[in-house]
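The values are calculated or read from the model by the stated rules, or taken from the named source; none is laboratory data. Nothing here was measured: the structure is a model prediction, and the numbers come from that model. Note that we place each Cβ from the backbone using ideal geometry, even for glycine, and neighbour counts take in every protein chain shown. Ligands, DNA and RNA are stripped out before the accessible areas are found, and what is left, the full protein with its side chains, is counted by its heavy atoms. Shrake-Rupley method; radii C 1.70, N 1.55, O 1.52, S 1.80 Å.
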Amino acid sequence: MRSSRQLGARAGRRRLVALGAVAVTAALAVSACGGGSGSSAGGGGGGGDKVGVSLITKDSTNPFFVAMQKGAKADAAKNNVDLTIAAGKADGDEAGQVQAIENAIAKGQKGVVITPNGPGVNSAIKKARDAGLYVIALDTPPDPPNTVDITFATDNFKAGELIGQWAKAQLKGKQATIALLDLFNDKIVSVDYNRDQGFLTGMGIDTKDKKKNGDEAKSGSYDGGSYTIVCNEPTQGAEDGGRQAMERCLNKNPNINVVYTINEPSASGAYNALKSAGKDKGAIIVSVDGGCDGVKNVQNGIIGATSQQYPLKMAQLGVEAIAKYAKDKTTPTTSPGLDFYDTGVKLVTDKKVAGVDSLSAAEGLKVCWG
């Protein structure tokens with residue numbers, strides 16, 4: 001039989017256990033009510049909460065968009081951003097981008113940074129903005145530009161104009177038999193017509209509607225000689241697309257000596273088609289991108305000149321802008337005289353021409369996509 005002292009000690013231990021259980025239950029209830037200062041829950045912009053942002057690129061295979069993703073990831077940590085990476089299945093996949101925007105809204109994120117695949121994403125962008133998300137376009141300003149809050153991009157018309165001026169100087173008045181390898185032929189995006197029409201303007205060829213590819217006169221005079229436009233062919237911005245487009249153009253006219261390409265993957269494909277046809281030696285190939293592989297192709301004489309863009313800078317500026325907006329509603333402004341923020345462009349070539357500022361390929365490699 002236990003003594004009264006033993007019974008009292010046992011009762012005291014029971015009370016301590018009960019009190020401990022209550023304390024643990026209370027602590028669990030507090031932790032379940034919400035995250036602390038280190039929470040990464042979708043949206044918050046105040047205190048220590050991370051800012052939810054989605055970067056939605058055109059695809060995840062083109063080196064240009066891979067560089068964007070890299071730049072955004074690097075900047076996210078600096079700006080307390082919880083970054084979601086998404087993309088279309090391929091350049092032009094609007095449905096995939098729409099789904100990614102819907103996901104960002106559902107998560108309660110603070111903003112979206114997107115390279116639009118076409119006008120089919122405009123309604124989803126509007127829905128996101130109506131839900132309070134800050135939406136920034138990169139590289140490709142939507143049509144109309146005010147579809148988004150702001151765009152960070154290359155001046156794509158200037159990029160095209162630079163390679164047009166360079167190509168014109170290389171011809172030295174000779175007949176220009178031109179292939180235009182564009183992005184699409186089933187939808188209209190500004191990066192497509194701006195680069196194409198900028199190139200023709202740089203050549204000194206009259207364009208009709210600067211927001212439309214293919215409506216200029218198919219023959220006439222450029223600044224220094226005469227020209228014939230053989231084709232406007234879509235490439236989807238891909239190497240295979242560039243090769244197939246160039247093959248179609250060569251079937252129309254085997255004497256093409258000037259090849260404009262929307263980007264460097266399509267330029268590489270065009271070169272392979274020309275080489276297979278034995279036409280690579282006399283053709284001038286120009287492009288836009290300025291990626292490391294593309295600049296190496298300039299060094300190797302595959303591409304004559306390219307206009308270098310800075311996608312890492314675009315992505316970093318976009319992520320940073322949304323973080324600032326979430327913190328105190330600070331908003332970026334467009335560049336003077338433009339309806340977007342100009343992230344810069346430089347011509348890269350090892351054949352400098354008078355009156356056109358340029359970097360050598362060696363110089364371009366030091367800053368490719370920085």
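Taking residue 302 and the conditions (1) farther than 30 Å from residue 76 by Cβ; (2) surrounded by 23 or more Cβ atoms within 10 Å (Cβ to Cβ); (3) among the hydrophobic types (A, V, I, L, M, F, W, C), which numbered condition does it fall short on, given that it satisfies the others?
Of everything listed in (1) farther than 30 Å from residue 76 by Cβ; (2) surrounded by 23 or more Cβ atoms within 10 Å (Cβ to Cβ); (3) among the hydrophobic types (A, V, I, L, M, F, W, C), residue 302 misses just condition (2).
For residues that are part of a helix (DSSP H, G or I), open to solvent by 40 Å² or more (accessible area, probe 1.4 Å) and either touching a residue at least 12 places away in the same chain (Cβ under 8 Å) or among the hydrophobic types (A, V, I, L, M, F, W, C) (or both), tally how many sit in the stretch 248-263.
2
Taking the options 271, 260, name whichever one is at pLDDT 95 or above, in contact with a helix residue (DSSP H, G or I) (Cβ under 6 Å, 6 or more places away or on another chain) and among the aromatic types (Phe, Trp, Tyr).
Going through 271, 260 in turn, just one is at pLDDT 95 or above, in contact with a helix residue (DSSP H, G or I) (Cβ under 6 Å, 6 or more places away or on another chain) and among the aromatic types (Phe, Trp, Tyr): 260.
If you go through the stretch 356-369 one residue at a time, how many are open to solvent by less than 50 Å² (accessible area, probe 1.4 Å) and part of a loop (DSSP other than H, G, I, E, B)?
3
Can you find a residue that is among the polar types (S, T, N, Q) and over 27 Å from residue 92 (Cα atoms) anywhere in the stretch 181-199?
Checking the stretch 181-199: not a single residue is among the polar types (S, T, N, Q) and over 27 Å from residue 92 (Cα atoms).
Out of 137, 153, which single residue is under 29 Å from residue 52 (Cα atoms), modelled with pLDDT of 95 or more and touching a Leu at 6+ places or on another chain (Cβ under 7 Å)?
153
Going by the structure shown, is residue 143 acidic (Asp, Glu), surrounded by fewer than 18 Cβ atoms within 10 Å (Cβ to Cβ) and without any contact (Cβ under 8 Å) to a residue 40 or more places away in the chain?
The answer is no for residue 143.
Tell me, which strands (runs of 3 or more DSSP E) wholly within the stretch 157-247 include 3 or more residues that are in contact (Cβ under 8 Å) with a residue 60 or more places away in the chain and open to solvent by less than 50 Å² (accessible area, probe 1.4 Å)?
Qualifying strands (runs of 3 or more DSSP E): 176-182.
I need a count of the residues in the stretch 311-338 that are exposed (fewer than 13 other Cβ atoms within 10 Å of the Cβ) and touching a helix residue (DSSP H, G or I) at 6+ places or on another chain (Cβ under 8 Å).
Looking only at that region, the number is 2.
Hey, can you tell me all the residues within the stretch 86-106 that are surrounded by fewer than 16 Cβ atoms within 10 Å (Cβ to Cβ) and not in a loop (DSSP other than H, G, I, E, B)?
95, 99, 102, 103, 106
When only residues in the stretch 77-102 that are farther than 19 Å from residue 117 by Cβ and more than 17 Å from the chain's Cα centre (by Cα) count, which is modelled with the lowest pLDDT?
Per the stated criteria, the residue is 77.
Could you look through the stretch 267-292, keep only residues that are among the charged types (D, E, K, R) and farther than 18 Å from residue 351 by Cα, and pick out the one that is farthest from the chain's Cα centre (by Cα)?
279
Need pairs with beta-carbon distance below 7 Å; first residue within 11 Å of residue 360 (Cα to Cα) and within the stretch 299-310, second surrounded by fewer than 22 Cβ atoms within 10 Å (Cβ to Cβ) and among the hydroxyl-bearing types (Ser, Thr, Tyr); sequence gap 6+ or separate chains.
From the stretch 299-310, no pairs qualify.
When you scan the stretch 277-291, do you find a residue that is more than 29 Å from residue 363 (Cα to Cα), crowded, with 17+ Cβ neighbours inside 10 Å and hydroxyl-bearing (Ser, Thr, Tyr), even just one?
No, there is no match, as no residue in the stretch 277-291 is more than 29 Å from residue 363 (Cα to Cα), crowded, with 17+ Cβ neighbours inside 10 Å and hydroxyl-bearing (Ser, Thr, Tyr).
Here is a list: 266, 307. Which entry is out of contact with any His (no Cβ under 8 Å at 6 or more places or on another chain), buried (at least 21 other Cβ atoms within 10 Å of the Cβ), not in a helix (DSSP H, G or I) and not basic (Lys, Arg)?
Testing whether each residue is out of contact with any His (no Cβ under 8 Å at 6 or more places or on another chain), buried (at least 21 other Cβ atoms within 10 Å of the Cβ), not in a helix (DSSP H, G or I) and not basic (Lys, Arg) leaves just 307.
Looking only at the stretch 115-136, filter to residues that are touching a residue at least 60 places away in the same chain (Cβ under 8 Å) and outside any loop (DSSP other than H, G, I, E, B); which one of those is farthest from residue 342 (Cα to Cα)?
By that ranking, first place goes to 120.
If residue 341 passes every condition in (1) open to solvent by 10 Å² or more (accessible area, probe 1.4 Å); (2) free of Cβ contacts under 8 Å to residues at least 60 places away in the same chain but one, which one does it miss?
Status for residue 341: all satisfied but (2).
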